[in-house]
Every structure is written in structure tokens, then in C-alpha cells.
1. Could you please find all residues in segment 56-71 being basic (Lys, Arg) and within 9 Å of the chain's Cα centre (by Cα)?
2. Could you check segment 1-23 and list, in sequence order, the residues that are closer than 25 Å to Glu70 by Cα, without any contact (Cβ under 8 Å) to a residue 12 or more places away in the chain and not charged (D, E, K, R)?
3. Listed residues Ile67, Ile91, Ile102; which is β-branched (Val, Ile, Thr), modelled with pLDDT of 50 or more and surrounded by 11 or more Cβ atoms within 10 Å (Cβ to Cβ)?
4. When the residues of segment 38-47 are narrowed to those that are of a type in the set (A, V, I, L, M, F, W, C) and within 18 Å of Asp8 (Cα to Cα), which ends up surrounded by the fewest Cβ atoms within 10 Å (Cβ to Cβ)?
5. Return the residue satisfying two criteria in turn: it lies in segment 72-81 and is assigned to a helix (DSSP H, G or I), over 18 Å from Trp28 (Cα atoms) and of a type outside the set (A, V, I, L, M), and of such residues it is farthest from the chain's Cα centre (by Cα).
6. Output the residue which, of all residues in segment 54-74 that are touching a helix residue (DSSP H, G or I) at 6+ places or on another chain (Cβ under 8 Å) and free of Cβ contacts under 8 Å to residues at least 24 places away in the same chain, is nearest to Leu22 (Cα to Cα).
Amino acid sequence: MNYEAEVDQDLTAIGKELEKNLYNSEAWAAKADILCSIMMHEIAIRCCDRSLAINPDDMLTWMIKGIALEKIGKREEAKARTSACNPQEPIPLFGIPLTGPIFVSGKVPIP
């Protein structure tokens, strides 16, 4: 299956989940993440807003929103959003702490 087909399949599945439950913050966040990955940043931000209205403490959604804001040129707002997601204590994501050069500087290090 190619990438576009996977994206379409994932968005369809998320859409069905949201039809069942519009208050599923994880589904809104997942949709935002996918939309951000296909450069649909404005819509991704709206999905983040929906997710954060339900669960305002979801740091991953705040990070997705910050990335989307950065991509559309809203650097100051993005910086404010992502600074809240850089806690003193690392938060593991799949065993990887959310600290380091990517999350602190916003730039991917070159190996």
C-alpha cells in the first residue's frame, strides 16, 4: 500500500471514530498529526483545538499544534505553545524522552 492510500485509510478510520464520539480527544489529535504530515497545517490546528478543548493537558497535541503553527509562519505563537511542552522532567514517548535537540531547538540534528 502506498503512503497516500495509508493516509486516506487512516483518515477514514479516524472519521468513523469521530462519527461515533466527537469527544474523542485522541482521535482529534491523531487526525491533526496526519493532516500536519500532509501539509494541511491550518486544518491540523483546528483539530488540535478540538482535541485540546476536550483534554487541555495533552502535551503531544500541544506539540503538534506548535509544529503546525511554526509551519504556517506563526513562530511566536508556536514558541509559546511548544515551550509548555518542554517540562523539567522528560516525558517518555515510546521509551524516548521528549527532550534534546529536536524538542529544544525545533531543528533536527544532522548525524
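1. So in segment 56-71, the residues basic (Lys, Arg) come out as 65, 71.
Lys65 - this is the single residue of segment 56-71 that is basic (Lys, Arg) and within 9 Å of the chain's Cα centre (by Cα).
2. Tyr3
3. On the way: Ile91 fails: modelled with pLDDT of 50 or more; Ile102 fails: modelled with pLDDT of 50 or more.
Result of the check over Ile67, Ile91, Ile102: Ile67.
4. Among those residues, the one meeting the criterion is Met39.
5. Glu76
6. Trp62
Residue-by-condition table, conditions (1) of a type in the set (Ser, Thr, Tyr); (2) at pLDDT 70 or above; (3) in a helix (DSSP H, G or I); (4) surrounded by 20 or more Cβ atoms within 10 Å (Cβ to Cβ):
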| site | (1), (2), (3), (4) |
| --- | --- |
| Lys31 | no, yes, yes, yes |
| Asp49 | no, yes, yes, no |
| Ala53 | no, yes, yes, no |
| Pro56 | no, yes, no, no |
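The values are calculated or read from the model by the stated rules, or taken from the named source; none is laboratory data. Quantities reported herein were computed from a predicted structural model and do not represent experimental measurements. Every residue, glycine among them, receives a Cβ derived from its backbone with ideal geometry; neighbour counts consider all protein chains shown.
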